[in-house]
Amino acid sequence: MKNPDRSLKKGCNIGGVVKASLCTGCGTCEGVCPTGAISLRRDKDIFRPVVDGAKCNASKGCRVCYTVCPGHQLDITRLSTALFPEAETDPKIGRYQSVFHGNAVDSPIRFHAASGGVTTQIVVKLLRQNKIDAAVVIRLGSASCTEPEVVLAYTPEEVVQAQSSKYCPVALGGVIRDILDKKLRVAVVGLPCHIHGFRKAEETFPALKDAVQLYIGIYCSALQSFQGTEYIFRRFQIPRKGMVSFSYRDEGCPGSLKASYEDGRTIKVPYHDYYRKLKSFFIPYRCMQCVDHFAELADISTGDLNIPPYNEDKVGFSSLIVRSSRGRVVIEALMQSGGLELHALEAEPLIRSQQFSLNRKKRQIKVRYDLLRLVGRKTCNYDYAFPKSGLKAYAKSVLASIIIYAEMFVGKRPRLWPLIDFTNSVLKKSKSGNS
């Protein structure tokens with residue numbers, strides 16, 4: 001839904017996006033600022049940009065940070081049409097050429113990569129074939145094994161160290177600046193909002209478009225805020241002291257949260273035991289305005305396939321959407337070389353496997369926009385046409401949205417977290433009684 005945006009003017013910078021609560025925390029702005037005026041700071045929810053007024057040239061007409069920001073405006077339809085002209089269009093998947101399910105052939109990669117290891121295998125192969133100089137990947141950092149960071153991985157070993165899901169906010173930081181300064185050829189692995197930021201930055205920096213050889217997008221129903229991790233640690237009594245390694249998902253699919261300690265202890269919590277408890281309690285505010293679940297601007301999109309018979313395999317399967325011709329070339333080469341074991345998949349089971357998230361991002365989105373505008377809140381400007389729904393479906397979406405915002409209210413207030421445990425306990429008893 002496109003609205004006139006009259007705020008792109010002299011003197012405008014990313015601070016206005018933050019003030020309007022439209023910042024996704026993607027961090028694109030820091031990497032493109034020509035004067036280094038923007039730094040990212042972690043708060044309780046996400047990373048947020050802070051502008052140094054002494055360095056900022058917005059008053060002189062610079063508005064690069066605002067121009068590339070996907071938080072306040074995104075022409076997702078225009079961009080996807082221009083990027084993938086040969087693809088067919090599905091209202092839920094976006095533009096695409098083909099869909100697959102399968103896994104990496106490398107057994108350790110498949111076992112430790114949460115969803116079949118396809119993303120890791122693709123990037124490792126590109127590095128080994130010298131098709132790229134580095135890959136933009138997300139890892140849990142060096143300073144703290146629970147701190148997320150986006151880094152340039154130059155070796156297959158560094159890529160493998162960064163594999164698996166991270167259920168927390170992640171910001172690009174200065175990675176775009178590093179790519180341009182070092183004149184690197186890269187593959188970019190990121191969430192939809194990271195891909196959005198890169199694609200918008202390409203329009204301002206043509207050299208960036210030349211640098212990026214491939215975008216791999218990860219399906220995203222919504223981020224979990226930093227408080228979501230804090231809740232998990234409290235709920236399952238996972239201490240930080242002495243922790244030497246941490247993973248949100250490891251050892252197969254769906255796998256387990258895994259924390260290892262200096263004294264040799266290891267704590268494991270099955271994925272479904274902790275992730276399902278989070279529900280919508282820890283979703284950052286701006287995430288509820290996102291319409292992109294399948295990373296629709298990526299060359300290749302990957303994620304889980306959570307329906308039978310695919311989720312009966314406990315080692316790991318990925319689903320994979322190929323959108324661009326260059327993405328197709330990469331996948332075909334990997335299949336021929338034996339790096340990936342992939343099989344064609346119809347769109348219907350893929351959509352069915354992600355139906356809950358698609359309902360939230362595609363069907364309920366207009367209701368949330370209507371509610372936000374009703375109370376005077378600003379919303380992101382999309383050129384995306386929100387789907388229409390009948391009165392009954394609209395009413396259901398209103399109720400679902402109210403529940404989501406109520407859960408988000410609770411999640412932002414640790415003193416109310418006992419309500420999360422109470423709600424989950426009631427729902428568990430209700431399901432047991434119905435069965």
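Normalised by the number of residues in the stretch 14-72, the mean separation of alpha-carbon contacts (under 8 Å, six or more apart) gives a relative contact order of 42 percent.
For the pair residue 344 and residue 315, label points projected 7 Å from Cα toward Cβ lie 2.5 nm apart. The slack in the chain from residue 39 to residue 181, taken as 0.36 nm per residue of separation less the alpha-carbon distance, amounts to 49.3 nm.
Figure legend: label point modelled 7 angstrom from the Cα of residue 129 along Cα→Cβ; residues of the stretch 315-342 with amide N under 13 Å from it are 326-340.
Under the shape rule built on the C-alpha gyration tensor, where the axes satisfy a ≥ b ≥ c, the stretch 1-114 is oblate, since a/c reaches at least 1.5 while a/b does not exceed b/c.
From the square roots a ≥ b ≥ c of the eigenvalues of the alpha-carbon gyration tensor of the stretch 358-434, which class results: rounded (a/c under 1.5), prolate (a/b over b/c), or oblate? In terms of gyration-tensor shape, oblate. Between residue 419 and residue 55, what is the label-point separation in nm under the 7 Å Cα-to-beta-carbon projection? The answer from the label model is 4.0 nm.
Here the label points at residue 244 and residue 81, each 7 Å from Cα along the C-beta direction, are separated by 5.6 nm in the simple model. When the alpha carbon gyration tensor of the chain is reduced to an equivalent ellipsoid, the three semi-axes, largest first, read 29, 28, 24 Å.
Selection among 132, 398, 70 by position relative to the dipole of the chain gives 398 as farthest towards the positive end (Cβ unit charges, Cα centre). Among the GluC sites (Glu not before Pro) within the stretch 198-272, those in coil by DSSP and having at most 14 neighbouring Cβ atoms inside 10 Å are 262. Where both bridge residues fall in the chain, DSSP classifies roughly 75% of the beta bridges as antiparallel. When 181, 273, 304 are arranged by Cβ crowding within 10 Å, least crowded first, meaning fewest neighbours, the order is 181, 273, 304.
Our estimate of slack between residue 207 and residue 394, defined as 0.36 nm per intervening residue step minus the Cα-Cα distance, is 62.9 nm.
Taking the centroid of alpha carbons for each part, the stretch 199-238 and the stretch 281-322 are 13 Å apart. In a DSSP loop and with at most 15 other Cβ atoms within 10 Å, the trypsin sites (Lys or Arg not before Pro) in the stretch 140-188 are 183. Dipole magnitude for the chain: computed about the Cα centre from +1 point charges on Lys and Arg Cβ and -1 point charges on Asp and Glu Cβ, it is near 1880 debye. Expressed in Å, the radius of gyration and Dmax of the Cα atoms of the stretch 14-72 are 10.5, 33.
Relative contact order for the chain: 21 percent, from Cα pairs under 8 Å spaced at least 6 residues apart, divided by residue count.
Checking the cross-link pairs 279/392; 388/428; 388/412 against a 28 Å limit on the alpha carbon distance flags 388/428; 388/412 as lying beyond it. Placing +1 on the Cβ of every Lys and Arg and -1 on the Cβ of every Asp and Glu, with no other charges, gives the stretch 22-85 a dipole of roughly 120 debye about its Cα centre.
Using the Cβ-Cβ distance between residue 155 and residue 267 with R0 = 35 Å, the FRET efficiency computed as 1/(1 + (r/R0)^6) comes to roughly 0.75.
Coordinate-derived values only; no laboratory data. Everything numeric in this text was worked out from a predicted model, so none of it was measured. FYI the Cβ positions are ideal-geometry reconstructions off the backbone, even for glycines, and counts take in every protein chain you see.
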